[in-house]
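**Q** This structure is in structure tokens; I'll ask about it shortly.
Please treat every number below as a calculation from the coordinates, not as lab data. Everything quoted here is computed from the prediction, not taken from an experiment. FYI the Cβ positions are ideal-geometry reconstructions off the backbone, even for glycines, and counts take in every protein chain you see.
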Amino acid sequence: MTVPKSHPRYESLRIRDLIVEGVEKGITSLHGLTAHGRGEAFDYLLGEKTHDFAIKSIEAAASMLLTAKHPVISVNGNAAALVSKELGRLSKIIPAPLEINIFHASKKRELKIKNHLIENCAERVLLPNKKYQIKFLDSNRKYVNPNGILEADVVFVPLEDGDRTEALIKNGKKVITIDLNPLSRTSQKAKITIVDNIVRAMPLLMKTIKKFEKYDNNKLEEIIKNYNNKKVLEDALKTIKKL
Ligand code: ATP
């Protein structure tokens, strides 16, 4: 669909089209459309812009990704449809591998996501391996790659579901997420929650990593120490109530 740039909801409709395209290409599941709808609703309530509380989370996330020993970026069908180029670039600049992890099990879709990421400049894309799994999770999402999430200390999981976030944490991983809903279990459980649209947050995260890579570890650890995820979620809720 061609949306004229003058349309008052141009950006929102452009992003919606990316998700529809993801479904048509077999990258995103049909269920991903409803997950996107929930995100859209919260974006609307947040005024569809990046707030100061999200910038604080992005700074903490950049610091944690730069100081991690084995960071991994987990990718699902929605993230691949919306920000494939950015995921590839982020993977190179941290550096950290991308690992595909989807709720609705399908080898075919995993491979389609992998190819889509590689076409969009990603280099290291891992797939889950049924010989390896994390504990405390029953769904298909328990399977992991032995060189990726299994050994990761920090897992960046944009657009996550609560069960997996909780399981990753119980497995000793630090979880960073992007979630427009400050009330979701993922937002509440993660160490760092970026309450912003993934489409706006990813370029800002990369810019911040580029700036912070000159900092020494003490400075980055200080940023992480001073970060308060609970306060960020409270500020996001206050913003929603005020609008
Ligand atoms: P939880 O299980 O964590 O309580 P949930 O059941 O809402 O959350 P899902 O439906 O699996 O989890 O995940 C979708 C989440 O992703 C939602 O919280 C939604 O707000 C968020 N989301 C969807 N699209 C975007 C987007 N473009 N940018 C940021 N967040 C998004």
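**Q** For a quick check, take a GNM of the chain with Cα springs below 10 Å and name the residue from 34, 67, 177 with the largest mean-square fluctuation.
**A** 34
**Q** If you average the C-alpha positions of segment 171-243 and of segment 38-74 separately, how far apart do those two centres end up, in angstrom?
**A** Their Cα centres are 4 Å away from one another.
**Q** Identify which of 225, 173, 69 has the largest mean-square fluctuation in a Gaussian network model of the chain, with springs joining Cα atoms closer than 10 Å.
**A** 225
**Q** Could I ask something else about it? Please report the orientation-averaged projected area of segment 99-207, defined via the convex hull of its C-alpha atoms, in nm².
**A** So the Cα hull casts an average projection of 7.0 nm².
**Q** Dipole of segment 17-143 (Lys/Arg Cβ +1, Asp/Glu Cβ -1, origin at the Cα centre): which of 35, 120, 100 lies farthest to the positive side?
**A** Comparing the listed Cα positions along the dipole, 100 ranks first.
**Q** Would you compute, for the Cα atoms of segment 141-187, the largest minus smallest coordinate along each principal axis and list the three values in descending order, in whole Å?
**A** Result, largest extent first: 31, 16, 15 Å.
**Q** Given an 8 Å cut-off on Cα distances and at least 6 residues of separation, report the relative contact order of the chain as a percent.
**A** Relative CO of the chain lands at 24 percent.
**Q** Step by step: find N for segment 54-114, compute 2.2 N^0.38 Å, then divide the Cα radius of gyration by it. What's the final number?
**A** Scaled against compact globular proteins, the figure is 1.22.
**Q** Treating the beta-carbon of each Lys and Arg as +1 and of each Asp and Glu as -1, no other charges, what is the dipole magnitude of segment 109-152 about its Cα centre, to the nearest 20 debye?
**A** Computed about the Cα centre, the dipole is about 200 debye.
**Q** At 1.306 mPa s and 10 °C, plugging the Kirkwood radius over alpha-carbon pairs of segment 45-169 into Stokes-Einstein gives what diffusion coefficient in µm²/s?
**A** 106
**Q** If you split all Cα-Cα distances of the chain into 10 Å bins from zero, what percentages do you get per bin, shortest first?
**A** 8, 33, 39, 18, 2, 0
**Q** Give me the orientation-averaged projected area of the Cα convex hull of segment 1-116, in nm², one decimal.
**A** Over every viewing direction, the Cα hull of segment 1-116 projects on average to 8.4 nm².
**Q** Shifting gears a bit: At 222 nm, what value in deg cm²/dmol follows for the chain if DSSP H runs of at least 4 each add -39500 (n - 2.57) and the sum is divided by all its residues, to the nearest 500?
**A** -17000 deg cm²/dmol, from helical runs alone.
**Q** Another one. Please state the charge dipole magnitude for segment 1-158, taken about the Cα centre, from unit charges on C-beta atoms (+1 on K and R, -1 on D and E), reported in debye and rounded to the nearest 20.
**A** For this selection, approximately 480 debye.
**Q** While we're here: Which value does Rg/Rh take for segment 16-69 over its C-alpha atoms, Rh per Kirkwood?
**A** 1.13
**Q** Filter the trypsin sites (Lys or Arg not before Pro) in segment 180-221 down to the DSSP loop ones having no more than 11 other Cβ atoms within 10 Å, then list what survives.
**A** The qualifying sites are 214.
**Q** Give, as a single signed number, the net charge of other residues whose beta carbon lies under 12 Å from the beta carbon of residue 11, with Lys and Arg counted +1 and Asp and Glu -1.
**A** With Lys, Arg at +1 and Asp, Glu at -1, the net is +2.
**Q** Under a Cβ-Cβ cut-off of 11 Å, what is the net charge of the residues other than residue 229 that fall near it, where Lys and Arg count +1 and Asp and Glu count -1?
**A** Once all neighbours under 11 Å are counted, the net charge is +3.
**Q** I've got another one for you. Excluding residue 21 itself, calculate the net charge of residues whose Cβ lies under 13 Å from the Cβ of residue 21, where each Lys or Arg counts +1 and each Asp or Glu counts -1.
**A** +2
**Q** Next up: What list of whole percents do you get for P(r) of segment 171-243, with Cα-Cα distances grouped in 10 Å bins up to the one holding the largest distance?
**A** 18, 44, 34, 5
**Q** Another question, then. Where the Cα atoms of segment 72-144 are projected onto their three principal axes, how long is each span, largest first, in whole Å?
**A** 32, 23, 18
**Q** Evaluate the relative contact order of segment 8-92 (contact order divided by residue number), counting alpha-carbon pairs under 8 angstrom at least 6 apart; express in whole percent.
**A** Dividing the mean separation by the residue count of segment 8-92 yields 46 percent.
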